[in-house]
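Nothing in this text is a laboratory measurement; each read-out follows from the coordinates by a stated rule. Everything numeric here is computed off the predicted structure, so don't read it as measured data. Cβ sites come from the backbone with ideal geometry, for glycine too, and all protein chains shown count toward neighbours.
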Amino acid sequence: MEPPEDQIIDIPKERLKFFGGPGKMLLPGPATVAALITKIPEHKLVTTNQLCQELTDQFKVRGTCPVTTQLALQAVANDGTRQVPYWRVIKGTGGLFSRFPGGVEAQADLLKKEGFAVDRKGKMPKVKDFQQSLVSFR
């Protein structure tokens, strides 16, 4: 089931501290997340934090729900009808996503094809020196 399309809601009381106060927050849908991911050129990466920040700026809200963003990202990754380079999205630590099709191994293979080196020494594989390859939406 695909999550609903974009919704802007009041920040729930229990999330005020996370978002730094009251205001509106975005619950992004897969189409919005996919549109942003398609702007990431080859040999560049984006973190989920960057995705959330860019969506926050685009929609002029206080914040973007990271959980809903993750759900939309998974929907995009698992939708074979979309040609979206979802594998260019990594965690803020450079880590890969086990919930992408084929898990971290498949994401690592796709990233290697674009020239990225993946460090497999830790508990979770990470893109080496990923900070140098982060995209700037500005």
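Here is how the numbers come out for the structure above:
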quantity	calculated
The chain, dipole about Cα centre (Lys/Arg Cβ +1, Asp/Glu Cβ -1), debye to the nearest 20	480
Rh by Kirkwood over Cα pairs, then Stokes-Einstein D for the chain at 1.002 mPa s and 20 °C, µm²/s	139
Listed pairs K24/K91; K44/K126; K39/K112; K24/K60; K13/K60 exceeding 18 Å between Cα atoms	K24/K91; K39/K112; K13/K60
Residue-averaged [θ]222 nm for the chain, counting only DSSP H segments that reach four residues, each worth -39500 (n - 2.57)	-10000 deg cm²/dmol
Relative contact order of the range 7-130, defined on C-alpha pairs under 8 angstrom at six or more residues apart (%)	22
The range 1-77 shape via C-alpha gyration tensor axes, a/c threshold 1.5	prolate
